[in-house]
Each structure stands twice: as structure tokens, then as C-alpha cells.
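Structure record follows, encoded as C-alpha cells.
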Amino acid sequence: MSLEQLDIKRLRNLQQVRLQPGPRLNVLSGANGSGKTSLLEAIHLLSLGRSFRTHRLKAVMQHEAEAFAVHGRIRHDDGMLWSVGFERRRDEDDSRIQLQGRRPDSLVELARLLPVQVINPDTFRLLEGGPRERRQFIDWGAFHLDTRFIHHWQRFQRALKQRNHLLRHGRMDVLQLRLWEAELATHGEAVDQLRGQLVTALRPIFEQLLGALTEITDLKLGYSRGWDKQTPLAALLEASRSRDQDQGFTQSGPQRADLRLTRYGRPAVDMLSRGQQKLVVSALKLAQGQLLETLVARRCLYLVDDLPSELDLHHRALFCEQLKAQAGQVMMTTVETESLRHCLGADDTEVAWFHVEHGQISPAKPFMTGVSNE
Ligand SMILES: Nc1ncnc2c1ncn2[C@@H]1O[C@H](COP(=O)(O)OP(=O)(O)O)[C@@H](O)[C@H]1O
Ligand SMILES: [Mg+2]
């Protein structure tokens, strides 16, 4: 999958922009506030229907504009060309999405078409933050690797919501509760199994990438499924019914699953510098892309925002090497191009360089003085 053309209208400071990225590595350089992150944000919107910066899409819309829009031409890995559009109007609460000129049934269709991974200065949150983001990370992989995952995940979520509702409201209707628990157990076990398979498949690729990117040793990638290993989910729900009722929600289960990174049995995050955390998370995200490529012959698009931040020259070079080694398309941004030119090689035909200035984008030839903003 690769993005062949991107059109953006009235998104943050991007008034009207057309970008034709190269199929491999793309470097977008420009001063602070020039519009680099906004460009990546536009691509993310096309893929997932949401921004990685804010939940409020109205903040993304240009001040005083009535609407903003992103349109992309995407070359699928099977060679087919797809047209995708995303539009949000100020006076509407829902976004308008178009796939080949029609409304898709759900965002799932969109997400499947354009698998995107973000590596940015907030990336360390995957390790430092709560389990929700790590679960999303596992689910991203499970979703792309197995078409059954989304079905189980949606049925599981619905059953969980229903059970929690019944636990909280009124007199307990045990018959109803049992029906939802059976549904929850069936799909929850399926979700857990696919998540477990994902982490098992990811582990060796992650370890190999970690070795290539860092000097960190003895890091263990584990999966915790959210409830006791020995107990079937159905039995757990039955046994914990009255305690769950006291609490007003389902305390254990796949909704508590987590990805665990440990070193000598302790959380790895406590022992890693910010830069190391960025590299560890990058290794995890690059591993997902490689897994997708290996198992289902799909390519992932990497949005790498502010690549040099937190990394010394040596690790920048290692990171660039890994980006070059993977098969998918990469859009990376930077305020300074010198170190990246050094890492990527100016004469490399696989790298397309662009310059962003006051919301305008133009091709920038590396090593030509006067073109870059430095
Ligand atoms: N809703 C908006 N309308 C207009 N401009 C905005 C909006 N939101 C942010 N901006 C401006 O867009 C510019 C680009 O931001 P950003 O893409 O984050 O820059 P960069 O990543 O290049 O540092 C900033 O100058 C910011 O002030
Ligand atoms: Mg930025």
C-alpha cells in the first residue's frame, strides 16, 4: 500500500496543498510551525478517521473555515488504485467519508485499506502510559493479521457493555446476565487467543529489531491477558458475579489485557532513558509492520514525526537504516535535514525530499544550498 497523492484543504495552516510522495522514504523538512505535523495528521485522518493529536476535530479545522477536507489516492498492494476522502464541516457532528465515491459501511473498511503507524515525540507514552494504548497496539496488529478479529472484538465489547449495564441497574436479571456472559466469554476468549498469537509472532521480530537499534539487553516482551491463566472466562464471570455487582463493573477479562515489557522481572520503563524508550517503542512499531508484510503481504505506512528528537547521531543513523530496510512507505518530518541527509544518503533515489514553509510544500533537492531552510 502506498499513498500516491494527497490533497488537503483548510486543515490547520494548510490552506490548499497537494503532495505526491515517493513510494518509499519521504522527508518533510521545515521550521517549527510550518505545517509538518499537520500533514501527517491529515494522513492519519484518512486512515483512521481521527487525529493522533486531538479528539476534537474542530481544532483541526482552519480558523474561520466552514470545513476541512483530505483526499488521498492510494495504491493497494494488489495494484488497485483507491480514492479516499475525509471531510468535516463545522455545522455537522459527523465526518463525511468517501471510499471509491461511496460511503463505506464503517471506519473498519478505511482502517483496513491504509495501515498506519505513528512514531513521534509522544511515542514513549506506549511504555509510560496506561494499558489502554498498549491494548490498542496489540489490537491493531490482530485486526490487520486476522479478518475474524474485528468481529470477535465488536461482539465482545457489546457483551461487556451489556453485562456492566445489568450489573449496575436495578434488580439483577440473572437470565439476561447469563446470556450476555456466554456471549462475552465466547468472543472474549477468541479476542484473547488472537492477541496472544499476535504477541508470540511479534516477539522474535521485536527482539531482532531491538538488537539492531539499541544496546539494551534482556528485555522481555510479555502478554498479560487480563485474568488468571488457568480459569476459563465463562467460569471467571460466573464466580465473580456478586463481587462485580458490588463494584458495578466487570473487573477482570480481556478488557484488562496488557503488553508487558520487563527487564529482570521489573517494568523496563523505569530503567530506560527517554531516547531509549523511543527506540524500544520504534522497534515494537517497526516489528508490527514487518509482521504484516511477512504474514499477510501488506505494507504499513509509517508517519515519523520529528525523527531526530531524543536520538543522538548514532541512533538516528541506526533508526534510518531500519526505516530503509522495511518495505513500506515512510513520511518523516524534521526541522533540520543535515543529519538525515548524512543518514539517508543524498543520492539515494528511494528518498524524496520536500520542504514545508508557511503551509506550502515544495520538492527540495538535497545538498543544494538555498533550498533548505537551514
Ligand atoms: N485550527 C487551526 N487553524 C489555523 N492554523 C492552525 C490551526 N491549528 C494550528 N495551526 C497552526 O498551524 C501551524 C502548523 O502547525 P504544525 O503542523 O504543528 O507545525 P510543525 O509540525 O511544522 O511544527 C502552526 O503555526 C499552528 O499555529
Ligand atoms: Mg511538528
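Name the pairs: first residue in segment 125-145 and of a type in the set (Lys, Arg), second residue outside any helix (DSSP H, G or I) and crowded, with 21+ Cβ neighbours inside 10 Å, Cβ to Cβ under 8 Å, at least 6 apart or on different chains?
Arg134/Leu259; Arg135/Ala257; Arg135/Leu259
Just wondering, is there one or more residues in segment 349-361 that are within 16 Å of ligand 1 (Cβ to nearest atom) and either at pLDDT below 90 or of a type in the set (Asp, Glu) (or both)?
The answer is yes; a qualifying residue exists.
Just to verify a result, which residue in segment 63-77, among those that are farther than 14 Å from Pro115 by Cβ and assigned to a strand (DSSP E or B), is nearest to ligand 1 (Cβ to nearest atom)?
Phe68
Consider Gly79 carefully, then state whether it is of a type outside the set (Ser, Thr, Tyr), open to solvent by less than 30 Å² (accessible area, probe 1.4 Å) and more than 16 Å from ligand 2 (Cβ to nearest atom).
No: the conditions fail for Gly79.
Within the set of pairs 6+ apart or on separate chains, which have a first residue in segment 21-36 that is more than 10 Å from ligand 2 (Cβ to nearest atom) and of a type in the set (Lys, Arg), a second that is open to solvent by 10 Å² or more (accessible area, probe 1.4 Å) and not in a strand (DSSP E or B), and C-beta atoms under 8 Å apart?
Once the first residue is more than 10 Å from ligand 2 (Cβ to nearest atom) and of a type in the set (Lys, Arg) and sits in segment 21-36, its partners that are open to solvent by 10 Å² or more (accessible area, probe 1.4 Å) and not in a strand (DSSP E or B) give Arg24/Lys324; Arg24/Glu350.
Where residues in segment 4-28 are farther than 26 Å from Ala65 by Cα and more than 16 Å from ligand 1 (Cβ to nearest atom), which of them is surrounded by the fewest Cβ atoms within 10 Å (Cβ to Cβ)?
Among those residues, the one meeting the criterion is Pro23.
Determine whether Leu291 is assigned to a helix (DSSP H, G or I) and more than 16 Å from ligand 1 (Cβ to nearest atom).
In short, yes.
Determine which member of the set Pro131, Pro115 is surrounded by fewer than 18 Cβ atoms within 10 Å (Cβ to Cβ), under 27 Å from Arg298 (Cβ atoms) and touching a helix residue (DSSP H, G or I) at 6+ places or on another chain (Cβ under 8 Å).
Answer to the check: Pro131.
How many residues are open to solvent by 60 Å² or more (accessible area, probe 1.4 Å) and of a type in the set (Val, Ile, Thr) if we restrict to segment 211-220?
Qualifying residue count, segment 211-220: 1.
Taking the condition of being within 16 Å of ligand 2 (Cβ to nearest atom) and either aliphatic (A, V, I, L, M) or within 27 Å of Thr337 (Cα to Cα) (or both), how many residues in segment 46-71 meet it?
Selection size over segment 46-71: 5.
Just name the residue that is farthest from ligand 1 (Cβ to nearest atom) out of those in segment 29-56 that are charged (D, E, K, R) and either open to solvent by 10 Å² or more (accessible area, probe 1.4 Å) or over 14 Å from the mean Cα position of the chain (by Cα) (or both).
Result: Arg50.
When you check Pro121 against the structure, is it closer than 30 Å to Ser273 by Cα and open to solvent by less than 40 Å² (accessible area, probe 1.4 Å), yes or no?
When the stated conditions are applied, Pro121 does not pass them.
Restricting the search to segment 174-210, which residues are open to solvent by less than 20 Å² (accessible area, probe 1.4 Å) and aromatic (Phe, Trp, Tyr)?
Phe206
Looking for whichever is open to solvent by 10 Å² or more (accessible area, probe 1.4 Å), part of a helix (DSSP H, G or I) and among the charged types (D, E, K, R) here; the options are Arg243, Arg260. Which one fits?
From the options Arg243, Arg260, the qualifying one is Arg243.
Considering only segment 30-62, how many residues are outside any loop (DSSP other than H, G, I, E, B), polar (S, T, N, Q) and modelled with pLDDT of 95 or more?
Adding up the residues that qualify gives 2.
The values are calculated or read from the model by the stated rules, or taken from the named source; none is laboratory data. Just so it is clear, the structure is predicted and the values come from calculations on it, not from any experiment. All Cβ positions, glycine included, derive from the backbone under ideal geometry; neighbour counts span all protein chains shown. Just so you know, the surface numbers come from the protein's heavy atoms only, side chains and all, with ligands and any DNA or RNA stripped out. Shrake-Rupley method; radii C 1.70, N 1.55, O 1.52, S 1.80 Å.
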